[in-house]
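These notes concern the structure reproduced below.
The values are calculated or read from the model by the stated rules, or taken from the named source; none is laboratory data. All figures in this text were calculated on a predicted structure; none of them were measured in a lab. Here the Cβ positions follow ideal geometry from the backbone for every residue, glycine too, while neighbour counts run over all protein chains shown. The protein model used for the area step is the full one, side chains on, heavy atoms only, and it has no ligands, DNA or RNA in it. Shrake-Rupley method; radii C 1.70, N 1.55, O 1.52, S 1.80 Å.
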Amino acid sequence: MSSSRVSTVPVPPGCTATRGTLLAAEFHNLYGPEVATALRTPPVISVSLAIDSAAMRASEAMSLPWISASIDDITSRLEKLRRSDVQLCIHQFAPRYRTLYNRLSHRKTCNALANHVRQRALSLFHAGASILGDIYLAYFPFLTFDSLSDQDVFHQIITHEFGALVTERLSQEIVSQSVKHRSARLERKQNALADANTIRIERERDWPVPVSKEVIFECLTGYMKGTMWTEPPVCAVCSQYDRDATEVRLSGDISSLNLDLLRASDDFIIKKCIIQGMSACFTFDKSLIDGLVLEKRGIVFENARAVELKICPHCKCSLALANGLFRGTLPDQFRDLTWVEEKICAIYSITAHVTRLFQSSDPS
């Protein structure tokens, strides 16, 4: 075949017109792709290798961890493939490269393929760059490998000879059930920690800002005032504490109150307090109520003159001071005496004492 004829052979688009690609294109044109592919037989590599000692170096150099794995490990990886896929991979080899296998046992078939693929990978590793280039051109005559590394050339040759399905399966490690359970527990733990961290961040983001001291003191003051006990009003008629006591102006019409019923009727009180004026208990500087038996704490004074009466709504005539319930008043120095101290100071001693608690159910 003359050089001038070869130089005019058309090559595929994007392919560099070298002597090798021109010859491959000429054979394709003359004999067809099947014959041309059969004629491009890759060079035979002799296998006289110490496989076990070379496996680790080949695995590290070509970044293929499965090369240094045991045959049983590689077999276990291939067993994940279907029986038909494994047998098809073996039948694609040329008869002189095809390994023997027991087609009745899937594991033995995978074991035969595992031995073959591992031995082939080690053979290619020790073949050298020039032989790898020849094998690459035999499989890919119209592709240039100048920009490819030895690892890329090695991977493409292995993938072409054994198929992408087998090479991908070899790259996947076999994980035991214990390792799977441990990985699942670790993943759940990490997810729980991530969720807890997310909740913490959301709480910190949504947490209310610190309350200012002014608001705190204002709330404390309001609470203190709201819980502070205040002395309720005193009814002027019965001298009892009652928060519901109403105020009655003496300047208005008070005829409906029948205040004449509260006028002192005890001779001793009339003589000593009203006539002789020895006590000002029933003198209010108001002619309308002067002489009535009323409690001064239940009377509102303005400029020493009585202007209002506080009367509880539940006051009954039987509880009025005018109904013989007025016990007189103590001197100022004895007004803070306790009940026991009053009994000690009393002139007369009693044998029975009955105490009645008014408004004991009043929550206030």
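A simple rule links phi to the HN-Hα coupling: the Karplus curve 6.51 cos²θ - 1.76 cosθ + 1.60 with θ = phi - 60°, which for segment 197-213 gives 5, 5, 5, 5, 5, 5, 5, 5, 6, 8, 5, x, 5, x, 6, 5, 5 Hz, with x for Gly and Pro.
With protein chains left intact and a 1.4 Å probe, residues in segment 247-290 average 69 Å² of accessible area per residue.
Expressed as a whole percent, the proportion of Cα-Cα pairs in segment 197-312 lying more than 16 Å apart is 71%. Dipole magnitude for segment 257-336: computed about the Cα centre from +1 point charges on Lys and Arg Cβ and -1 point charges on Asp and Glu Cβ, it is near 120 debye. For segment 110-167, just say rounded, prolate or oblate: build the C-alpha gyration tensor, square-root its eigenvalues into a ≥ b ≥ c, call rounded for a/c under 1.5, and beyond that prolate if a/b exceeds b/c, oblate if not. Prolate, because a/c is 1.5 or more and a/b exceeds b/c. Packing around the peptides 179-191, 208-220, 239-251, taken as the average count of other Cβ atoms within 10 Å per residue, puts them in this order, highest first: 239-251, 179-191, 208-220. For a Förster distance of 56 Å, can you work out the FRET efficiency between the beta-carbons of Ser149 and Val215, rounded to the nearest 0.05? Taking R0 as 56 Å, the efficiency between Ser149 and Val215 is 0.20.
Other residues within the sphere of radius under 9 Å centred on the Cβ of Pro233, judged by their own Cβ, net out at -1 (K and R +1, D and E -1). With a ≥ b ≥ c taken as the square roots of the eigenvalues of the C-alpha gyration tensor of segment 174-219, please select rounded if a/c is under 1.5 and otherwise prolate if a/b is larger than b/c or oblate if it is not? Here segment 174-219 falls in the prolate category.
State the answer as a single residue: which of Gln119, Ala194, Ala138 lies farthest towards the positive end of the charge dipole of segment 96-244, with beta carbon charges of +1 for Lys and Arg and -1 for Asp and Glu, about the Cα centre. In segment 96-244, that residue is Gln119.
Provide the net charge surrounding Trp339, with neighbours chosen by a C-beta distance below 15 Å and charges set as Lys +1, Arg +1, Asp -1, Glu -1. With Lys, Arg at +1 and Asp, Glu at -1, the neighbours total +1.
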